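Worksheet for the structure shown next.
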Amino acid sequence: MNSLIHKAKEFLELIEKLKKKGMKKKEIAASLNIPAPVLSSLYKTVLPKIAEVDIFLNSKELDEKLDEAFSLVNNLSKSKVTISLDEYLIDLKKLLKFSKNDSIQFDYIKNLKKHAEISYDFIKQNYQGIYYFYYVSTDSYTIKRDLFLIKENKLHKIIECFKGNVKSRVQYYGIVNMIGTHTLSLHASEKNFPPSEYLLINMSLPSVRNVEFFRGIFSSLTYARQPIARKFVMIKISDSTDDYNFNNYEVNFFDNENCEEIKEISEYLKSFDSKTECHLVTSPSFDIQDLKKELDFISQTQKV
């Protein structure tokens with residue numbers, strides 16, 4: 001019985017530590033392979049009563065106290081709990097070790113959700129609307145203009161973004177979050193089929209609100225499926241978040257002949273530091289020598 005009292009105390013201490021790590025009782029119950037009501041009976045009623053028992057009582061009195069503890073509930077077997085308690089303690093210790101290793105990730109996810117809730121109203125108030133999204137096309141080195149939509153999702157209380165409308169060849173859907181006070185971060189993936197490409201967009205925000213011009217950097221993949229990061233410019237063209245209006249705008253390419261209407265944007269996007277990308281190299285060796293091959297490739301293309 002003395003051993004059972006010590007095990008009851010250890011069980012309760014482990015549960016408390018796991019709760020402080022943010023684990024819910026139903027998650028702990030699942031890890032012990034017992035129903036949540038059974039864990040609740042153990043944690044709230046039976047084991048606290050056993051933990052209070054005076055270890056200096058004689059054997060008969062100890063057995064009476066044990067029977068008294070289990071008589072308080074009707075969903076626990078005295079014999080099964082006594083046998084299984086050692087196994088429960090082993091599983092709880094493993095779970096605690098796992099939660100310690102995973103605590104950084106857990107805190108990150110918790111903070112991210114909290115931050116998204118804080119920035120939701122601010123983004124909704126200041127940045128909802130339809131935008132033109134300008135960037136340099138990888139294959140033709142012309143300026144491409146896509147459509148971009150930022151709108152709230154009232155049901156899930158998140159800010160959504162859409163790059164490309166029904167007239168676009170490829171469309172993306174993602175979530176908008178705010179980082180600090182001057183950066184919007186947008187995470188998006190291709191729509192309508194298994195995602196084969198993702199976008200990470202970081203937009204620099206002005207110090208004043210409700211302006212129509214934004215700039216930033218986004219990363220994606222080239223047609224050769226190589227990573228690339230490029231500058232972009234966004235111009236707000238409507239406060240509407242209506243899908244019908246969004247789908248009525250045209251996407252476009254701007255070559256040298258019609259680039260005059262977006263002269264400042266073109267000069268900015270085509271400046272010397274407009275993009276950073278990884279290039280495919282001929283006969284890759286998959287070692288450090290590939291770095292020289294890539295530099296040689298860039299040098300040759302620049303000469304041309």
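When peptides 211-218, 147-154, 293-300 are ranked by their average number of other Cβ atoms within 10 Å per residue, the highest-first order is 147-154, 211-218, 293-300. Under 13 Å of direct C-alpha separation, and excluding same-chain neighbours fewer than eight residues apart, K154 reaches these aspartates and glutamates: E117, D121. A dipole drawn for the chain from +1 and -1 charges on Cβ atoms has a positive end, and of F214, S77, G174 the residue lying farthest that way is S77.
When the Gaussian network model of the chain links Cα atoms closer than 10 Å, the mean-square fluctuations of I158, I237, I15 top out at I15.
May I ask you to order 263-272, 124-133, 172-181 by the average number of other C-beta atoms within 10 Å around their residues, highest value first?
Numbers: 263-272: 13.2, 124-133: 18.7, 172-181: 17.2.
Per-residue Cβ counts within 10 Å, averaged per peptide and sorted highest first, yield 124-133, 172-181, 263-272.
Peptide packing: for 88-95, 71-78, the average count of neighbouring Cβ atoms within 10 Å per residue gives the ranking 88-95, 71-78, highest mean first.
Accessible surface of the chain, 1.4 Å probe: 54 percent of it comes from carbon and sulfur atoms. Of E277, E68, the residue with the largest accessible area leads and the full order is E68, E277 (1.4 Å probe).
Listed by chain and number, the lysines whose C-alpha is less than 22 Å from the C-alpha of K65, apart from same-chain residues fewer than 8 away, are K7, K9, K44, K49, K78, K80. Can you tell me the FRET efficiency between I175 and E212 if r is taken as the Cβ-Cβ distance and R0 is 30 Å, rounded to the nearest 0.05? Between I175 and E212 the formula returns 0.85.
Using the Cβ of D146 as centre and a radius below 12 Å, the other residues enclosed give a net charge of +4, where K and R count +1 and D and E count -1. In terms of distances greater than 20 angstrom between alpha carbons, the cross-link table entries K20/K157; K124/K167; K236/K263; K144/K263; K20/K93 yield K20/K157; K124/K167. Shown in residue order for region 185-192 are the 3J(HN,Hα) couplings computed by the Karplus curve 6.51 cos²θ - 1.76 cosθ + 1.60 at θ = phi - 60°: 10, 10, 10, 9, 9, 4, 9, 6 Hz (x for Gly and Pro). Between C259 and D273, the contour length at 0.36 nm per residue exceeds the alpha carbon distance by 3.1 nm.
The values are calculated or read from the model by the stated rules, or taken from the named source; none is laboratory data. As the structure is a prediction and not an experimental result, all values here were calculated from the model. When we count neighbours, we look across all protein chains shown, and the Cβ atoms used for this are built from the backbone with ideal geometry, even at glycine. Side chains included, ligands, DNA and RNA excluded: accessible areas come from the protein's heavy atoms. Shrake-Rupley method; radii C 1.70, N 1.55, O 1.52, S 1.80 Å.
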